[in-house]
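The values are calculated or read from the model by the stated rules, or taken from the named source; none is laboratory data. Just so it is clear, the structure is predicted and the values come from calculations on it, not from any experiment. Positions of Cβ are backbone-derived with ideal geometry, glycine not excepted, and every protein chain shown enters the neighbour counts. Protein only, heavy atoms only, side chains kept; ligands, DNA and RNA dropped before computing areas. Shrake-Rupley method; radii C 1.70, N 1.55, O 1.52, S 1.80 Å.
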Amino acid sequence: MPPRQTARITSRKQPQQARSTELVAAILEAAIQVLAKEGATRFTTARVAEKAGVSVGSVYQYFPNKAAILFRLQSDEWQQTTQMLRGILEQSDTPALERLRALVHAFIQSECAEAQMRGALNDAAPLYRDAPEAIEVRAAGEQAFQDFMLELLPDATAPMRKLACDLMLSTLSCVGKEFSTRPRTQEDITMYADTMADMFAAYLTTLRQPDASLCSALPLLDCDMSVK
């Protein structure tokens, strides 16, 4: 049986003029509204076009299918998260564990603020999750965290740093997603983020000890490890 072909998810073309840029922005804004209201299962190109007040043909000028629209929304979200992550982790004048605490707070806050949208994008993920473009975008965010692990654990072995990176990213993703499934007060968010940051700090402090080994590490969570 021949391998299944992955649907094209890249844009057909990039807008070159102000008018076309505004059109793409209107399409994406309409897509966000349709996704939030209808969910991934009822998300269609026709509904996006109707919401944006344009023809379906205008949408197809830039997006070959609904998967391409959803991937654009998801990749924009991933890139925003990566920029946030880098902006915090690359503040070299701030102690590393303080940067990690700030990152956990920002991530959990973001998860709760955008829970509905992220939940819908997660439902749509099978349309594009395994495409090369999606893997490339996710890798950029993970690389930023790997660089931080090298700074934080310079004497650790590469496998130990990778395990620590995978563990912390998967925990952030899984726990943040679960925590944001219902409304939370700001007090709840702060307390939860502080507790998670304390857990990470204790784990990393253990790994920085001379006798730390892979055997002391916690098992990985069975979860999507992408930075959300």
Exercise. Name the residues in segment 19-35 that are touching a residue at least 24 places away in the same chain (Cβ under 8 Å) and either closer than 14 Å to ARG72 by Cα or among the basic types (Lys, Arg) (or both), would you?
Worked result: VAL24, ALA26, ILE27, LEU28, ALA31, ILE32, LEU35
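Every residue, every condition in (1) at pLDDT 90 or above; (2) farther than 20 Å from ASP130 by Cβ; (3) surrounded by fewer than 18 Cβ atoms within 10 Å (Cβ to Cβ), yes or no:
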| site | (1), (2), (3) |
| --- | --- |
| LEU23 | yes, yes, no |
| ILE27 | yes, yes, no |
| ALA31 | yes, yes, no |
| ALA36 | no, yes, yes |
| THR41 | no, no, yes |
| VAL48 | yes, yes, no |
| ALA52 | yes, yes, no |
| PHE71 | no, no, no |
| ASP76 | no, no, yes |
Exercise. Is it true that ALA202 is open to solvent by 50 Å² or more (accessible area, probe 1.4 Å) and modelled with pLDDT of 90 or more?
Worked result: yes
Problem set entry | Verdict on THR185 being more than 27 Å from LEU204 (Cβ to Cβ) and at pLDDT 90 or above | yes
Exercise. Can you find a residue in segment 181-193 that is under 19 Å from the mean Cα position of the chain (by Cα) and open to solvent by less than 30 Å² (accessible area, probe 1.4 Å)?
Worked result: yes
Seminar exercise, completed: Of the candidates ASP166, ASP198, ASP188, the one satisfying the condition of being of a type in the set (Asp, Glu), part of a helix (DSSP H, G or I) and closer than 15 Å to LEU100 by Cβ is ASP198
Exercise. Assuming GLN61 fulfils every condition listed in (1) free of Cβ contacts under 8 Å to residues at least 40 places away in the same chain; (2) open to solvent by 70 Å² or more (accessible area, probe 1.4 Å) apart from one, which condition is it?
Worked result: (1)
